[in-house]
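**Q** Got a structure here, written out as structure tokens. Questions coming.
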2 protein chains.
Amino acid sequence: MLECVTFTSLPREDSIIQKADALANEALDSKLPAFPVEKHPGAFVKPIGFVSSPYKVQADAPRQGRLDPIESTIEIYPEFEAGLAGLMDYSQLFILSWFDRSSRDQLWVVRPGRGSARGVFATRSPNRPNPIGLTLVDLLEIRGRILRVRGLDALDNTPILDIKPYHQDIDTHN
Amino acid sequence: MLECVTFTSLPREDSIIQKADALANEALDSKLPAFPVEKHPGAFVKPIGFVSSPYKVQADAPRQGRLDPIESTIEIYPEFEAGLAGLMDYSQLFILSWFDRSSRDQLWVVRPGRGSARGVFATRSPNRPNPIGLTLVDLLEIRGRILRVRGLDALDNTPILDIKPYHQDIDTHN
């Protein structure tokens, strides 16, 4: 049930990495109760691809991509390309990205143009404990493992964690 | 820019953990280029809370929570409670969960009741490279750090990664 702790994108032949892996997994195996005290130890997310966008720095990006429908591309890594089969059946997708330039320790957010602070979970701020971005985009084209989309608010080089088809019946308030 | 690798939910006084931490961070500091070869090394996600649900095992859960509107509760860990301030202004929320009982190595999915296989990113299967669940729920009540919601398809004890308010204008196909 427990996730193995591995540093998957680091070179595996590196002995220091192998040693860290072995120690971490030994610790997980031997030290944690069957269901961990804090319920779950967390997990490692690995990008399935990355964004190429005209937004290079935070100041370029709109508050919400949906409101500034520029085009971006998403390049999926070769090992995940098979997962794209059938995606062209959908014209809207949810893109889950990893805001790798965000702060993770903010629980209060002062929203642009409003005044008072509110809790981070009551906002769509990119600065959040797990900085996972959620954006509904229009799928324009897929060529091989390159998706062309409209409305993505992620910065250039942002890692992509997941792609999900949008379904009107389950994803809309009714 | 790089994430520090830490095993945050493990006991910090444990020397084997400290050693693994130190080795992993040394490796990240010294061995990776400023922007990694594979663009991004991935990152560690840490639950902000967990679900209590009548769905105990996979066979109990509906294909989509929205279509079987049972009530669940989400308990947020004390250190993230401040992030909930202002959340009661919203009646619909996106819940991002971590499907900790899913397989991460499936790229093809045979959908229930359909026949042919398709790529995992063209489905909402819980078995995906980064098994992050996305469910739109109705927020019924917040008492302290316990949220009562309707329509969550996550199993009992599923870790929660993030909560985002639903906004009609950016989250709906128009």
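The values are calculated or read from the model by the stated rules, or taken from the named source; none is laboratory data. Worth saying up front: this structure is predicted, and the values here are computed from it rather than measured. Every residue, glycine among them, receives a Cβ derived from its backbone with ideal geometry; neighbour counts consider all protein chains shown. Quick note on the areas: whole protein, heavy atoms, side chains included, nothing else; ligands and nucleic acids left out. Shrake-Rupley method; radii C 1.70, N 1.55, O 1.52, S 1.80 Å.
**Q** Would you be so kind as to list the residues of region B:129-159 that have their accessible area lowered by at least 40 Å² in the full protein complex compared with their chain by itself (1.4 Å probe)?
**A** Listed in order, they are B:Asn130, B:Ile132, B:Leu134, B:Asn157.
**Q** Same structure again: Around B:Ala85, what is the net charge, scoring Lys/Arg as +1 and Asp/Glu as -1 over all other residues with Cβ under 12 Å from its Cβ? Could the numbers behind the result be given before it?
**A** Numbers: positive: A:Arg118, B:Arg145; negative: B:Glu81, B:Asp89.
In short, 0.
**Q** Averaged per residue, what accessible surface does region A:46-174 expose to a 1.4 Å probe, in Å²?
**A** 38 Å²
**Q** Put a point 7 Å out from Cα along the line to Cβ at B:Glu141; what are the distances to that point in the other copies, in nm, shortest first?
**A** Computed spacing set for this position: 5.4 nm.
**Q** How far is A:Pro69 from itself in the other copies, in nm, if each label sits 7 Å out from Cα along the Cα-Cβ line, shortest first?
**A** Its label point is 3.0 nm from the equivalent points in the other copies.
**Q** State, in square angstrom and to the nearest 100, the accessible area buried between chains B and A, both chains counted, probe radius 1.4 Å. Let's see the in-between values first.
**A** Working: alone 11340 and 11310 Å², together 14560 Å².
What B and A bury together is about 8100 Å².
**Q** Above 14 Å lies some portion of the pair distances; for region B:126-165, what is it as a whole percent of all C-alpha pairs?
**A** 55 percent
**Q** What are the distances, in nm and sorted shortest first, from the label point of B:Tyr90 to the label points of the same position in each other copy, with each label point placed 7 Å from Cα along the Cα-to-Cβ direction?
**A** Inter-copy label distances (nm, one decimal, shortest first): 2.0.
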